[in-house]
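A short reminder: the numbers here are calculations on the coordinates, not readings from a lab. In this text the structure is predicted, and so the values were computed from the model without any measurement. No Cβ is skipped: glycine too gets one built from the backbone with ideal geometry, and neighbour counts run over all protein chains shown.
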Amino acid sequence: MISNSEPLVSIIVPNYNHSPYLNERLNSVFNQTLQDFEVILLDDASDDGSSEILKLYSSNPKVSYCLINKENSGYPFKQWNKGLNLTKGKYIWIAESDDYADLDFLEKMVGFHSKYKDLALVFCQSHRIDSTGRINGSWIKHTSDFQSKIFMEDFIMDGNLFIENYLIHKNVIPNVSGVIFKRDSLQKILPLEIKPYFRLIGDWYYYIQLLCNSKVGFFSEPINYFREHSLSVIARAGRENHRYRIVKMEFLGRKKMMKYISECRPWNLKSIKKAWRIRTEKLNYELIIYRLKKGDILNFMIQFIFNPKFAKHLITNLKNGLIK
């Protein structure tokens, strides 16, 4: 167990069935060059031997808690809530169990964080790795559809402007393992709200909450390793048979985001709403077309008659041969 003095950083390691990657993850946590931290180990009723690995590390003096669920909670964000309620550090790192980091990750990220006031979070660029640990590039491509090259360099930005230009369009913070949060900021939104449609986009909503009327920092050096494998959220999201469910989750989630932003009343609310509306209309169109293919003729006809934008979009895509 750690001492009674409060650590600078609280590290939460939530795990579920990631035994092949746990040792690499935990070694990259415990061997950080910045050693002023506590570790909270959580397991969500894994059945792959993960709990035995965690128990081996539980005797490390940095570990303040090692909690193993008897039943799976059903949502990773429930584990986040559990861990966040136990933290004592000024900064928080949610180090997902299938990723890992450079050993100077904390030193660089906390150092960056501490230079500036009012930062709710700082996130870094991440390497893209496969199940074997092979590096397949970085996540810079995830933001390449934005004309700006802002993600090539470090920056500090007003959170409302970051939402308008980037975060309202898509989740440009692809991996929570590459984020250092300020605990005071996180406490303002605890307990984290959990909805059924948050399963794949909950973190995105929490970033929106944290950055509305706040500030964000970006560290451009890739010092986090974001793993893609057959069981990862990214891999499951990319499968075609999950597309409708994912689009529906995003559609519902975006409504929730806009409701929160409207209540926050940022100075650029009008511009954020405009950007939000464009993307949301595209999602709605995709959902309607999917339902039509599944035989929902009535909903399709209602939208075609009473939604001029949908009708125009449909006709354009039919002319261009984009609908089969």
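What to note about this one:
- Calculated FRET efficiency for the pair L86/E52, C-beta based, R₀ 25 Å, to 0.05: 0.70
- Most simply put, region 9-238 has about 35% antiparallel DSSP beta bridges, counting only bridges with both residues inside it.
- Region 9-238 - Debye-derived log10 I(q)/I(0), Cα point model, q = 0.11, 0.18 Å⁻¹: -0.51, -1.56
- Shape of region 167-227, Cα gyration tensor, a/c cut at 1.5: oblate
- Above-threshold pairs, the threshold being 32 Å between Cα atoms, out of K115/K195; K70/K141; K195/K274: K115/K195; K70/K141
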